[in-house]
Amino acid sequence: VVNGTAGIVNIQDNDISSLVRSSSVAERERLVNQMLAAIDLRYSDFRNKLAASSRHAGSFFDLGVLTMDIAGGLATSAAAKTNYIAASSLLSGTEGSLNQNYLHSQTLSALIAQMDASRKQKLLAIQLALRSQSVGEYPGTAALSDVIDYYQAGTLISAVIAIQKQAANTEQKAA
């Protein structure tokens, strides 16, 4: 059972059964579009939470901990040498933290872009099949399979797999 955000779109087990048994183009299209809407709501929520977690994690916490450690070292130290080492550590640690969080942010952006692209690709295939094929040519079971593939296209693991496949294809073409 897939429930949309705030109950806006609900998919019940009998909707899935109805899709599998659908005999009219209109019923098949209505059920598929209802399922796609539920998936889109969930994906939007997932994507927003993913982006928010990326923004809140990272540099601020790392820099805060690093600053406190360094400040503690400075407060108890009397020698100028220790102060320079501490300042150097602060600069080095800050750079490392910023680089790590920048890399995380860029990786996340690439994965989201891949998920969006894969979802668009699958959605276009579903829409084309719904518009151009009869229920006999594109039965409810095939539509359900495509809806499940559409859902999977919006997962991080599918994005990683797609990027790996693209890299392997590029490498093979270059060889």
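The values are calculated or read from the model by the stated rules, or taken from the named source; none is laboratory data. What you see is a predicted model; the values in this text were computed from it and never measured. A quick note on method: Cβ atoms are made from the backbone with ideal geometry, for glycine too, and the neighbour counts reach across all protein chains shown. For the accessible areas, the whole protein counts, side chains as well, though only heavy atoms, and no ligand, DNA or RNA atoms are used. Shrake-Rupley method; radii C 1.70, N 1.55, O 1.52, S 1.80 Å.
Which order do the peptides 118-125, 29-36 come out in when sorted by mean C-beta neighbours inside 10 angstrom, highest first?
The most tightly packed comes first, giving 29-36, 118-125.
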Three-way shape label, segment 118-175, alpha-carbon gyration tensor, a/c 1.5: prolate
How much accessible surface does Tyr138 have with a 1.4 Å probe, in Å² rounded to 10? 10
